[in-house]
């Protein structure tokens, strides 16, 4: 970056005075400008990464109904019924995730107590 051609030519053509004052000034100015531009680029990349991290944090906050677990679409009016989407549809539309549904023991006990009791009385079965 700092005028490396002059160093290569100094080895290949020793009769040309590449280390005279003009060549050293041009190499120094080129190196200083390259370093300054590289520093500015690194500062810009740092600011972009910081902004991207903030965007990801903001996207991670989902407006979700505490009762039915539907998610409000970004920028949608919370008063309209069409603004709310089931969590499965929301995540499937934005990621490569697919859902398979089951029921946890607590929900089974709360919503289907007879079935829960009957399954608990059966001997353990392997899936």
Filtered residues of segment 62-84 (kept if touching a helix residue (DSSP H, G or I) at 6+ places or on another chain (Cβ under 8 Å) and part of a strand (DSSP E or B)) = 64, 70, 71, 72
Unique match (being loosely packed, with under 11 Cβ neighbours inside 10 Å and in contact (Cβ under 8 Å) with a residue 12 or more places away in the chain) among 63, 78, 86, 74 = 78
Which residues, taken from segment 92-107, are over 29 Å from residue 119 (Cβ atoms) and in a helix (DSSP H, G or I)?
-> 92, 93, 94
Taking segment 89-127 and keeping only residues that are in contact with a helix residue (DSSP H, G or I) (Cβ under 7 Å, 6 or more places away or on another chain), closer than 27 Å to residue 60 by Cα and surrounded by 10 or more Cβ atoms within 10 Å (Cβ to Cβ), one is left with 99
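All of the numbers you see were taken from the coordinates with simple rules; none came from a lab. Only a predicted model underlies this, so the values are computations on that prediction, with no experimental measurement involved. Cβ coordinates were reconstructed from backbone atoms using ideal geometry, including for glycine residues, and neighbour counts include every protein chain displayed.
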